[in-house]
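The values are calculated or read from the model by the stated rules, or taken from the named source; none is laboratory data. Just so you know, these numbers come straight off a predicted model, no measurement behind them. Every residue, glycine among them, receives a Cβ derived from its backbone with ideal geometry; neighbour counts consider all protein chains shown.
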Amino acid sequence: MNSSLIRFFITISRTFPHGLMLRMKRFRSNLAKASIKLSFETYFGFTVFCTIFSSITAFIVSHLFFSFIVELQLSNPFVLPILIGALSGVLTFVLCYAYPIIVYISRSRKIDANLPFIANFMSVLATSGMPPENIIKSLARVAKEFNVDREMRGLVAEIELMGSDLNEALRNTSERSPSKRFASLLNGVIATSHMGGDMAAYLRDQAIKYKNERVLSTKIFIDNLSIVAEIYVTFMVAAPIMLIVMLSVMSFLGAGITVGNIDAKFLMNLLSFVIIPLGIILMIIVVDAMAPPR
């Protein structure tokens, strides 16, 4: 992002009370976990700017639309545009607030999918007698393969550039990690290293645990998928075909035949072009939500 824009957004954020900015701990935490390369002040200023800009734009466009294109005769021509502008601003703020959450949830799922491989990689190195700091640096070199490159890059930078010790850097990385399970793995490394425990045994146990959890989640997903498939065939294939045939026959028999005062042809179009596509989209969303991390 351009440096002048960054300064502009920071200036906007500094117009708000410092106490208010400090209270936004969840917002700040979400931004850190998403690994978005903007400071909290910059992103908050960007959010405020987009909110105000979208509100003003929506107000102007809706006022012109209702005044000159649709030509609605309203007692107060500004009420509806003001409501639309306010709604647009709220939606923009919600989207800007939700974006880091969406990013870090997506990254969390990817990291969780690779946890068995991460733990196994670390356990192999620990078994060979490699010290914890070198294990972490070795993981950082291949971190992109496991979708933890942002976390490991920051961890190595803390150790080599800022002079932090390994345990402190691991603790900070676990707090920033979008994945709670990866954070738990790092905290376990800290505890094992601090107490002088068997690092290889700990990492091996974690690798086995994560592998078993993944196998179990895959089995549960397959079982649930068979239920979803039956629901799909029943409600998205068999039932629509039956209803379309019935409505086609009713429409063919002549005018005057309605279903609850609604024309049969209209119902058939509604079913074909609205209900069935929405149902299929809903099923895709459900299956994607049920699927184990990948």
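Quick notes on this one:
- In the stretch 8-25, of all residues being in a helix (DSSP H, G or I) and surrounded by 12 or more Cβ atoms within 10 Å (Cβ to Cβ), the one that is modelled with the lowest pLDDT corresponds to Met21.
- Taken together, Ala98, Ala86 contain a single residue that is part of a helix (DSSP H, G or I), surrounded by 13 or more Cβ atoms within 10 Å (Cβ to Cβ) and aliphatic (A, V, I, L, M), which is Ala86.
- When Leu278, Leu282 are checked against the criterion of being farther than 30 Å from Asn147 by Cβ, at pLDDT 75 or above and in a helix (DSSP H, G or I), Leu278 stands alone in meeting it.
- Exactly one residue among Leu243, Leu216 is buried (at least 16 other Cβ atoms within 10 Å of the Cβ) and part of a helix (DSSP H, G or I), and that residue is Leu243.
- Screening the candidates Thr127, Thr42, Thr47 for the property of being among the hydroxyl-bearing types (Ser, Thr, Tyr), out of contact with any strand residue (DSSP E or B) (no Cβ under 9 Å at 6 or more places or on another chain) and in the same structural domain as Arg181 (by TED's automatic domain parsing) yields one hit, Thr127.
- Complete set of residues in the stretch 31-83 that are assigned to a helix (DSSP H, G or I), under 22 Å from Ser4 (Cα atoms) and at pLDDT below 85: none
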